[in-house]
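The values are calculated or read from the model by the stated rules, or taken from the named source; none is laboratory data. Since the structure is predicted, the reported quantities are computational estimates derived from the model, not experimental observations. When we count neighbours, we look across all protein chains shown, and the Cβ atoms used for this are built from the backbone with ideal geometry, even at glycine. Note: accessible area is taken over every heavy atom of the protein model, side chains too, but ligands, DNA and RNA are not part of it. Shrake-Rupley method; radii C 1.70, N 1.55, O 1.52, S 1.80 Å.
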Amino acid sequence: MAMMAYDAVSAAAFAATRHVPVEGLASWRAVVARHLPAGPGVRVLDLGAGTGAWATAFRSWYGVDVVAVEPSAEMRARSAYPGMVAGRAEALPLAAADLDGAWLSTVVHHLPDLPVVAAELRRVLRPGAPVLIRSVFAGRAGGVTLFRWFPEALRVLDGYPSVAEVCAAFESAGFAPVALAPVPQVSALSLRAAVDGLRRAAHTPLALLDDADYDRGLRRMRAAAERTPHAPVVDTMDLLVLR
């Protein structure tokens, strides 16, 4: 089932704190370039585009035209990317066979019917176009530092789709997995900056914790920041590629 919808509070928190520093994205830029077409005339879908950070980065990095689709009006209102499109993953307001690739970042756990989404992506993508999914998958959260301080939030991850479940859903639409790679990123320049900027509403696993568990985790994170305030926060997330 879908984890949460972005209202004004959660959208504001996301816009304020969920953007990875540009200098922390070098690994993503390199890994995505291996799978995504690039250059003038290439059209890429950013599905669940949020506040447009990835759409902006892809246009700058690869010179592509990004079609950014986001269902939440509150997220679109805070977007730095021009021309955001209102739409749902299950019924994309796009023409058939018109796109050269699709990007889904931290969105699959919000999609309640993945086979329907996969069928829609098959409809709007040209033959052979890739689907790139950036996510924390069930059973593969070990590289995310936030769970060191909030281990109770790992229970929420049990409700996220696994790699096998995503592959099975997309197989029904004719997609097959071609790559699965853990990708490191510098999520914050220091642990002190991470704890100072933490917004509970911006993180689905934290938003779904009870207050006592959240407070315990926040105390752990603050204590760690006191011990190593200048240590950068390096996380690892997965990139799953299907064609």
**Asked** How many of the residues in region 222-235 are buried (at least 18 other Cβ atoms within 10 Å of the Cβ) and within 21 Å of Leu157 (Cα to Cα)?
**Response** 2
**Request:** Using the structure shown, decide if Leu198 is over 15 Å from the mean Cα position of the chain (by Cα) and at pLDDT 95 or above.
**Result:** no
**Complete:** Apart from one, (1) part of a helix (DSSP H, G or I); (2) among the acidic types (Asp, Glu); (3) surrounded by 15 or more Cβ atoms within 10 Å (Cβ to Cβ) all hold for Asp215; the odd one out is (3)
**Request:** Within region 127-152, count every residue that is part of a loop (DSSP other than H, G, I, E, B), in contact with a Gly (Cβ under 9 Å, 6 or more places away or on another chain) and either on the phi > 0 side of the Ramachandran plot or surrounded by fewer than 17 Cβ atoms within 10 Å (Cβ to Cβ) (or both).
**Result:** 0
**Message:** Show me the helices (runs of 4 or more DSSP H) entirely contained within region 1-95 in which 3 or more residues are over 19 Å from Ala118 (Cα atoms) and at pLDDT below 90.
**Reply:** 8-17
**Fill in**
Per the filter on region 174-202, residues open to solvent by less than 40 Å² (accessible area, probe 1.4 Å), of a type outside the set (A, V, I, L, M, F, W, C) and closer than 22 Å to Tyr160 by Cβ are Gln185, Ser187
**Asked** Out of all the residues in region 96-118, which are in a helix (DSSP H, G or I) and open to solvent by less than 50 Å² (accessible area, probe 1.4 Å)?
**Response** Val108, His109, His110, Leu114, Val117, Ala118
**Request:** Only one of these is of a type outside the set (D, E, K, R), touching a strand residue (DSSP E or B) at 6+ places or on another chain (Cβ under 9 Å) and over 20 Å from Leu242 (Cα atoms): Ala179, Ala194, Ala202. Name it.
**Result:** Ala194
**Asked** Which condition number in (1) modelled with pLDDT of 95 or more; (2) closer than 24 Å to Ala30 by Cβ; (3) not charged (D, E, K, R) is the one that Ala164 fails?
**Response** (2)
**Item:** Residue under evaluation Phe170, criteria (1) open to solvent by 20 Å² or more (accessible area, probe 1.4 Å); (2) under 28 Å from Val116 (Cβ atoms); (3) of a type in the set (Phe, Trp, Tyr), criterion not met
**Value:** (1)
**Message:** It is to be established whether one or more residues within region 186-193 are part of a strand (DSSP E or B) and more than 14 Å from the chain's Cα centre (by Cα).
**Reply:** yes
**Request:** Go through the residues of region 153-165 one by one and say whether even a single one is in contact (Cβ under 8 Å) with a residue 24 or more places away in the chain, over 18 Å from the mean Cα position of the chain (by Cα) and surrounded by 15 or more Cβ atoms within 10 Å (Cβ to Cβ).
**Result:** no
